[in-house]
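A.B. asks: Sharing a structure below in C-alpha cells format, with a few things to ask.
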C-alpha cells in the first residue's frame, strides 16, 4: 500500500520532467520534498525515463550534500559552520549539543534527532546560528547551548 | 519603442502616490530576524483599525544589522525607513506614525533630500555617502516580486535601447569601452567573453548565470537575486540578444531558497509582459531561461563543474580547453558570467559606458559589492567604488570593531582566497592591489578578525572546507588537501613538528598540478597567512602555544582544590555542559579527557578556575626527517 503510493508519486514527478534535458537535480529536489529523502525505489523509474545509467544517477545523487538517501531524523539540528559562526564558537556549541543530545560516541544513528552541517548563507548577525527543523535560532552563545539542547530534547520527546 | 513605453505607462499607472504605503523589507536576512511576523502584525493592525494604507514588501537595502526594516511613505512625504521594527513594536509604531509622531528614535533615515524633523536624509549620512549605489539603486525601494515596480524605476530601459537600434556588435563595443570585467573574481573582460560566444558557430548556444555563491561569508549575490531579480534577468536577456543564445540557465545555490523562488516568480512575470520568451517587446528577438537549483556543492561554482551539474552529472570540473565558449552545456557554446556582471549590463546600456568606466579609484573600474561579516559591528552589504580603502568600509559602513579588541586582519575571497593583516587597512579594494601581493580579492566577502581569532585555526577551517568540497577527480587536490588539513590540525593540537611548515610549502607545488582552480588555490589561504602571520604559526609549531588562546587543544583548565569545596564545587559541577567536572575528596576536579574547554566553569566561578598552557600532549613530539 505504502510502497505503491511511493511509486505513484515518483512516477508523477518523473512524468512532469520526461523528455527534458538537464532536469535531474530538479527531479531529485522534488522527490526529496515529497518524501524527505530520495528513496532507492526512485532510481529505476528515473533511470528509465531519462535514459541515464543507474550508476551515473547514483553518482549524481550522492555527490551533492543536500540530497539524503535515508529518511531524515524527526528533529533535525542544522549547525552553520561558516567563518563567522566558527570564530564565535560554533564548534564548542556543536560539541555541547552533541553531548547533551546523546549524539557523541556510539549512539550516532538516531531517528529522533540528528545534527548536520549547514553552509553559510550570510545570516551572520545570528552567529553562532543553529537551525532546529529549519527554524533559525541565534545567536546561540556557548553559555546558551545547554538550554537549547534541553529545548530540542523536549521537542524530541513531544 | 512603443511596446516598452506602453509597459512603463501601465506600470506607473499602477502606483498610487496619494495613498499611505507601508513596506516591510523581505529578504532572507530580514526573514531570519522575524520580518514575516512584523509584516503580519502590521497587516493585522491596518485591518483592525480600518486604516487606508497599502501594505507590501520591498527588498532588503543592505543594512542587515537593522532588519527588519519598514519603509513608510506618507502622502506628500519622502519615504522614511525604520529599523529594527519587531512584531511587538509594530502596532505601537504604526499608531505613532499615523498620529503624526514620526518616531525619529526608530528611524534610520529618509530617502528624500531634506530632513523631516530629526530624521536625517540618507544622502547626508556617511554610511550612504561613501557608497555609490549603481547596482543597488532599487534595493529596499521596490517590490522584487512585482515587475511593475521594476519597470516604473527605469527597469528594462537597457533592453529597450538594445532592441531599438543597437546591433550586437555595438553592445560588445559598449561593454569593452566601459571595460566591464567579470565580477566573480577572475576579472576577464565581459565584452570579449560575449564576443567569443557571438562569433561561435551554430545556433544552439547557452548563457549561464553563476549564482552558486558558495564562498562562506560572501552573500552579495544573494541580495541582488532576492531584492532585484529583474536586473539580472534583464542583463541576461541582453546577453541573449548580443550572443545569439536563445536560452539561459541561472544556477542558484540551494542555500538561497528565497532567491530561487523570487527569480522564478520574476521569470513568470517577465514572460507575461512579453519581456521574455518569444518575440520580446514585439521584435523578432526571442530568448528564454530557467532556474537551476543547486544541491550543495561548492565546486559547482567553477564554471565547468557548474556545466556538468546542469547536465545531470556530478559537479566535477574538467580540464580546459575546450573552454565553455567552444563546448559548454550539452557540448554547445556557452557563456558563464557572475550575477554582478550580468546585473551591470542594463545600466551600461541605458547610461553609457562612462557611467561605469568613470568610477573607480584604482586600476579596475566600476563599483563592487562587498559583504561585511565576522567581528564587525554592523553586518551589511555595501556597494562602493572599486579601490575604496578598507578603512572606509570597516569604519564608516561596518561601524568598526568592538573597541575592547584590536583589529587583526581580514579573511577575504572565500576559502580559496587568503588572509590579509591589519596594516592593509588603507589599501584600496581593487583586485590589482591584491594580485600584486600574490593573493586575490575574490567575489566580495570580507570577514573581519580581531585578536581573539587564531589564524592557524582559521586556516585549518578554510582548508578543511576546501578538502571537504574537493570533487575528488585529481589526486593532488583530493589527497593534498587532506594532508594539509592533517598538518594544520596537528599545529592546532600542539603536536606538529618543525618539518610540517616545509611540507606545507611543498604541498603547494604539488597542488598546482590539480586540473582546476579549486585544487590549485587550496594552498592560498595558508600561503597568505604564513606570509603575514608567520610568528603565529611558529608559536604553534615550536612552542605549542596559541597566541590568541583560540586553539582549545593548547590550553587546559584547572580547578584550585582549596577554593572549590561545598557550594562552589556544586556550582562548578552544575556549570559543566559535558559533565567533565566531578567531586572528589570534597572538592571539584576536571576530568581532562572529557573537558572540551568551553570555559563555562571559569565564567561561573572565575576565582576557582584557571587556564594555563597545556603541557602534556596526545602524541610525543618527535622530529621527522623527510627527503
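Quick note: the coordinates plus some simple rules give every number you see, no bench work behind them. Everything quoted here is computed from the prediction, not taken from an experiment. Please note: Cβ atoms are built from the backbone with ideal geometry, for glycine as well, and neighbour counts cover all protein chains shown.
A.B. asks: Against the longest principal axis of chain B, how steep is helix B:566-575, in degrees 0 to 90 to the nearest 10, with axes from Cα atoms?
C.D. replies: 40
A.B. asks: How high is the FRET efficiency between residue B:176 and residue B:358 when r is their beta carbon distance and R₀ equals 22 Å, given to the nearest 0.05? Walk me through the intermediate numbers first.
C.D. replies: On the way: r = 15 Å, r/R0 = 0.70.
Efficiency, from the Cβ-Cβ distance: 0.90.
A.B. asks: Could you work out how far helix B:499-511 tilts from the main Cα principal axis of chain B, as a 0 to 90 degree angle to the nearest 10?
C.D. replies: So the helix axis and the longest Cα principal axis differ by about 30 degrees.
A.B. asks: Subtracting the Cα-Cα distance from 0.36 nm times the residue separation, let me have the gained length for residue A:18 to residue A:34 in nm, one decimal.
C.D. replies: 4.0 nm
A.B. asks: Taking the Cβ-Cβ separation of residue B:54 and residue B:272 as r and a Förster radius of 22 Å, what is the calculated FRET efficiency to the nearest 0.05?
C.D. replies: That gives a FRET efficiency of 0.50.
A.B. asks: Given a Förster distance of 22 angstrom, what is the FRET efficiency for residue B:405 paired with residue A:144, based on the Cβ-Cβ distance and rounded to 0.05? Write down the numbers at each step before the final one.
C.D. replies: Working: r = 21 Å, r/R0 = 0.97.
It comes to 0.55.
A.B. asks: Within 10 Å of each residue's Cβ, count the other Cβ atoms and sort B:237, B:558, B:20 from fewest upward.
C.D. replies: With the sparsest Cβ surroundings first, the list reads B:558, B:20, B:237.
A.B. asks: Another one. Counting other beta carbons within 10 Å of each residue's own, what order do B:370, B:356, B:285 fall into, fewest first?
C.D. replies: B:285, B:356, B:370
A.B. asks: Also, I was wondering about something else. Arrange the following residues from fewest to most other Cβ atoms within 10 Å of their Cβ: A:116, B:518.
C.D. replies: Exposure proxy ranking, most exposed first: A:116, B:518.
A.B. asks: In degrees, nearest 10, range 0 to 90: what is the angle between the Cα axis of helix B:475-493 and the longest Cα principal axis of chain B?
C.D. replies: 50
A.B. asks: What value in Å³ per residue do you get for the convex hull of the alpha-carbon atoms in the protein assembly as shown?
C.D. replies: It is 187 Å³ per residue.
A.B. asks: Sort out for me the Cα centre separation of segment B:93-120 from segment B:373-429, rounded to whole Å.
C.D. replies: 31
A.B. asks: Then there is this: Please state the shape class of chain B: rounded when a/c is under 1.5, otherwise prolate if a/b exceeds b/c and oblate if not, all from the C-alpha gyration tensor.
C.D. replies: oblate
A.B. asks: Could I have the simple spin-label model distance between residue B:509 and residue B:611, label points 7 Å from Cα toward Cβ, reported in nm to one decimal?
C.D. replies: About 4.0 nm, to one decimal.
A.B. asks: Let me make sure I get this right: for segment B:155-355, a, b and c are the square roots of the gyration tensor eigenvalues over alpha carbons, sorted descending. Under 1.5 in a/c it's rounded, otherwise prolate if a/b > b/c, else oblate. Which is it? Don't skip to the answer; put the middle values down first.
C.D. replies: Working: a/c = 1.42, a/b = 1.23, b/c = 1.15.
Verdict is rounded for segment B:155-355.
A.B. asks: Taking only C-alpha pairs under 8 Å that are 6+ residues apart, what is the relative contact order of chain B in percent?
C.D. replies: Relative contact order of chain B: 11 percent.
A.B. asks: Here is a further query. So in the protein assembly as shown, what percent of DSSP beta bridges are antiparallel if you round to the nearest 5?
C.D. replies: 60
A.B. asks: Say each of residue B:531 and residue B:114 gets a label point 7 Å from the Cα, pointing the same way as Cα to Cβ; how far apart are those two points in nm?
C.D. replies: Taking the two extended label points, one gets 5.3 nm.
A.B. asks: What is the extension gain from residue B:290 to residue B:436, computed as 0.36 nm multiplied by their sequence separation minus the C-alpha to C-alpha distance, in nm to one decimal?
C.D. replies: Taking 0.36 nm per residue and subtracting the Cα distance, the gain is 48.7 nm.
A.B. asks: Please give the length that would be gained between residue B:92 and residue B:319 if that part of the chain were fully extended, namely 0.36 nm times their separation in residues minus their C-alpha to C-alpha distance (nm, one decimal).
C.D. replies: Roughly 75.6 nm would be gained on extension.
A.B. asks: As a check on your grasp of the helix formula, calculate [θ] at 222 nm for the protein assembly as shown: sum -39500 (n - 2.57) over DSSP H runs of n ≥ 4, divide by the residue count, round to the nearest 500.
C.D. replies: Computed ellipticity for the protein assembly as shown at 222 nm equals -11500 deg cm²/dmol.
A.B. asks: Looking at chain A as a GNM with Cα springs under 10 Å, which of A:26, A:95, A:146 has the largest mean-square fluctuation?
C.D. replies: It is A:26.
A.B. asks: Taking a ≥ b ≥ c as the square roots of the eigenvalues of the Cα gyration tensor of segment B:16-129, is the shape rounded (a/c under 1.5), prolate (a/b larger than b/c) or oblate?
C.D. replies: Oblate, since a/c reaches 1.5 and b/c is not below a/b.
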